[in-house]
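J.: Quick one: the structure is below, questions incoming.
Please treat every number below as a calculation from the coordinates, not as lab data. The model shown is predicted, which means the values in this text are computed figures rather than measured ones. When we count neighbours, we look across all protein chains shown, and the Cβ atoms used for this are built from the backbone with ideal geometry, even at glycine.
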Amino acid sequence: MQPMFIDGTQTRGEAGEAIDVLNPATEEVLTQVPAGGEAEVNLAVAAAARAFPAWRRTPATERAHLLHAVAARLRQHHDDVVRLLTQEEGKPIPESDEEVVWTEDTLDYYAELGRHERGRVIPPGDPDQFNFVLKEPYGVVGCIIPWNYPLLLMIWKVAPALAAGNTTVIKPSVLTPLSTLRLAEVAFSVLPPGVVNVVTGKGARVGEALVRHPDVPVIACTGSLATGQSIAALAAPLMKKLHLELGGKDPMVIGPDVDLDLAVRALAYAGLINAGQVCTSTERVYVPRARLGPFAEALTEFVGSLRMGDGLEPTTDIGPMIRDSFRRTVEAQVEEAVGQGARLLAGGRRPSGRGFFYPPTVLTDVDHGMRIMRDETFGPVLPLMAYDDFDEAIRLANDSPYGLGASLMSHDPRLVKRFFEEVHAGTIWINDPLTDNYAGPFGGMKMSGLGRELGQEGLDEFTQVKHVHWDMVGARKSYWYPYGQAGP
């Protein structure tokens, strides 16, 4: 059994139960983790609260050195962590390698950004006064992490939280806790005890206890819309700061001018990476009506050439889905769409044998009355819908309660400008979908969540602002009581 990490020590806590962690490519049990609960959350929060006063007063330069040390330790164990990540999550080795590199580099990025500023000085209203703004840490940050990018989406929260002077309690997904626990063992262990803690267990026990805890003023979560709404309801009476990155139903618009081969390859990457299990996966595709036939044919041929298999195999392009329940959700959406008139061009049927595999699937003749175009799919499905002019393409792109990301494939600057100005989404990609930038804020509009990760905005999410108004003379003011008597 892989133990939890609380107050700088590996521990099983008081948990008597255990949770199996499966390899989604083979359905074999990798190991077990403790099924923690309120008792373990209380221990972790207490440790983080004890560590907070010293950590917040640690000079920013020293915190930077420690975050760089965490990154260096992770790089020493890079290959082992990459392999473990693929075993528990399923994505191919190149995708796991990219996730671990991003994790390492995000630590380095916030190590430096965290010592860049503490606030700002503002002009006073009087020459004897001094006014300034401080950015201060909140205290203990509860981080609730999804299974699809367990290290990346964890470090996008933990690194800026630590750089700002907060301490953390991490609740990884029960489906993919091992890579986070390994990171704690080999890298977070260089930090002072209690600064980072990891508690494993189910959301109804660990996650809810973390959200309800009165000593956790901030909750940062990446998850489904339903999860975010549940957290918001629990946190509202305590007026907690919420940082929520929730669901998406990201569109891609194929411009009338773009090369078809380029668009096909960009779409395949945007919709099929990690078997489509990405919050910003392209899940709705809009193609000029006159080009839909050739585009669909080229896309079907290309996805048919991709190799599905165990992520540990060097030839694998598409790995398994995380569990059969997620695969069944995808199957239900595809089958329902076909029953409503959609045409299946590729995929759509699970292969025989072990592993939670589902092939790349291409659909046409879809419309917005179908769930496949409304609800988050989170699987390797590419539904294609025709549009007649660019006004319609923008209207269709915006026709969703979600607003996480949106992509356009076009070299026409007039269309590009209209797209990034008129489409309501937190990230707009032009000709290079799903590419992030450490300095560029990431997050959603509408029902896709609250707050931003990455960039200066990602650091500011974990600071609260204090205005200091200092009169250095301290003389009696003419506007004090009693009224009508001027002067000192």
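J.: As a quick test, which of the pairs LYS157/LYS240; LYS135/LYS157; LYS171/LYS249; LYS135/LYS171; LYS249/LYS446; LYS135/LYS446 have an alpha carbon distance above 20 angstrom in this structure?
T.: Numbers: LYS157/LYS240 16 Å; LYS135/LYS157 17 Å; LYS171/LYS249 25 Å; LYS135/LYS171 26 Å; LYS249/LYS446 12 Å; LYS135/LYS446 27 Å.
Distance filter (> 20 Å) returns LYS171/LYS249; LYS135/LYS171; LYS135/LYS446.
J.: For MET385, enumerate residues with amide H under 5 Å from its amide H, sequence gap 5+ or separate chain, H modeled in the peptide plane.
T.: VAL285, TYR286, VAL287
J.: Could you give the distance between the Cα centres of the range 80-150 and the range 444-480, to the whole Å?
T.: Centre-to-centre distance over Cα atoms comes out at 19 Å.
J.: So if we plug the beta-carbon distance of THR435 and THR9 into 1/(1 + (r/R0)^6) with R0 = 45 Å, what FRET efficiency do we get, rounded to 0.05?
T.: Numbers: r = 39 Å, r/R0 = 0.87.
In this case the efficiency is close to 0.70.
J.: In the calculated pair distance distribution of the range 154-215, what percentage of Cα-Cα distances lie above 16 Å?
T.: 47
J.: Also, I was wondering about something else. For ALA18, enumerate residues with amide H under 5 Å from its amide H, sequence gap 5+ or separate chain, H modeled in the peptide plane.
T.: ALA35
J.: Would you mind calculating the gained length between VAL473 and ARG50 on full extension (0.36 nm times residue separation, minus the Cα-Cα distance), in nm to one decimal?
T.: Between VAL473 and ARG50, full extension yields an extra 148.5 nm.
J.: To continue, here is another question. On each of the three principal axes of the Cα atoms of the range 199-271, give max minus min coordinate, whole Å, ordered largest first.
T.: For the range 199-271, the Cα extents along the three principal axes come out at 55, 25, 17 Å.
J.: Enter the angle in degrees (range 0 to 90, nearest 10) between the Cα long axis of helix 78-89 and the first principal axis of the Cα atoms of the chain, meaning the one along which they spread out most.
T.: 60
J.: Could I ask something else about it? Per the Kirkwood treatment, what hydrodynamic radius in Å, one decimal, follows for the chain from the mean inverse distance over all distinct Cα pairs?
T.: Here the Kirkwood hydrodynamic radius works out to 23.9 Å.
J.: Can you check what the net charge comes to around ALA48, using other residues whose Cβ is under 11 Å from the Cβ of ALA48 (Lys, Arg +1; Asp, Glu -1)?
T.: Around ALA48, the charge tally is -1.
J.: What does the charge add up to near ARG115, with Lys and Arg as +1, Asp and Glu as -1, over the other residues with Cβ less than 13 Å from its Cβ?
T.: Charge balance near ARG115 sits at -1.
J.: Then there's this: Tell me, Kirkwood radius of the range 250-430 from alpha-carbon pair distances, in Å?
T.: Details: mean 1/r = 0.0613 Å⁻¹.
For the range 250-430, inverting the mean 1/r across all distinct Cα pairs yields 16.3 Å.
J.: To the nearest µm²/s, what D does Stokes-Einstein give for the range 328-440 at 10 °C and 1.306 mPa s, using the Kirkwood radius over alpha carbon pairs as Rh? Provide the component values of the computation, followed by the final result.
T.: Details: Rh = 15.8 Å.
The calculation lands on 101 µm²/s.
J.: By how many degrees, 0 to 90 and rounded to 10, does the Cα axis of helix 225-235 deviate from the longest principal axis of the chain?
T.: The two axes meet at around 20 degrees.
J.: Taking only C-alpha pairs under 8 Å that are 6+ residues apart, what is the relative contact order of the range 139-241 in percent?
T.: With pairs under 8 Å counted, the relative contact order is 34 percent.
J.: Determine the dipole magnitude for the range 227-345: charges of +1 sit on the beta-carbon of Lys and Arg, -1 on that of Asp and Glu, nothing else is charged, the reference point is the Cα centre, and the result goes in debye to the nearest 20. Intermediate results must be reported in sequence, preceding the final value.
T.: Details: 12 positive and 15 negative charges, 105 e Å.
Dipole of the range 227-345, to the nearest 20 debye: 500 debye.
J.: Ok, one more. Tally Lys and Arg at +1 and Asp and Glu at -1 over the other residues with C-beta under 15 Å from the C-beta of ALA386: what net charge comes out?
T.: With Lys, Arg at +1 and Asp, Glu at -1, the neighbours total -3.
J.: Could you give me the ³J(HN,Hα) list for the range 465-475, computed from phi with Karplus coefficients 6.51, -1.76, 1.60 and θ = phi - 60°, whole Hz, x at Gly and Pro?
T.: Residue by residue, the range 465-475 yields 9, 10, 9, 10, 10, 10, 9, 7, 8, x, 7 Hz.
J.: Looking at the range 182-231, which trypsin sites (Lys or Arg not before Pro) are in a loop (DSSP not H, G, I, E or B) and have at most 16 other Cβ atoms within 10 Å?
T.: Taking the range 182-231 and a limit of 16 other Cβ atoms within 10 Å, the loop trypsin sites (Lys or Arg not before Pro) found are LYS202.
J.: Where does helix 60-76 land angle-wise versus the long Cα axis of the chain, in degrees 0 to 90, nearest 10?
T.: 30
J.: For the charge dipole of the chain, defined by +1 on Lys and Arg C-beta atoms and -1 on Asp and Glu C-beta atoms about the Cα centroid, which residue among VAL174, ILE273, VAL338 has the Cα displaced farthest towards the positive pole?
T.: VAL174
J.: Something else about it: Each residue of the range 3-8 in order: what ³J(HN,Hα) in whole Hz does its phi give by Karplus 6.51 cos²θ - 1.76 cosθ + 1.60, θ = phi - 60°, with x for Gly and Pro?
T.: x, 6, 10, 10, 6, x
J.: Of all the C-alpha pairs in the range 67-205, what % are more than 18 Å from each other?
T.: Counting every Cα pair in the range 67-205, those more than 18 Å apart make up 57 percent.
J.: For the range 250-430, what relative contact order do you get, as a whole percent, if you take Cα pairs closer than 8 Å and at least 6 residues apart?
T.: Over the range 250-430, the number comes to 28 percent.
J.: For SER305 and ALA39, what is the calculated FRET efficiency with R₀ set at 41 Å and r taken between the beta-carbons, to the nearest 0.05?
T.: Working: r = 52 Å, r/R0 = 1.27.
E(calc), rounded to 0.05, equals 0.20.
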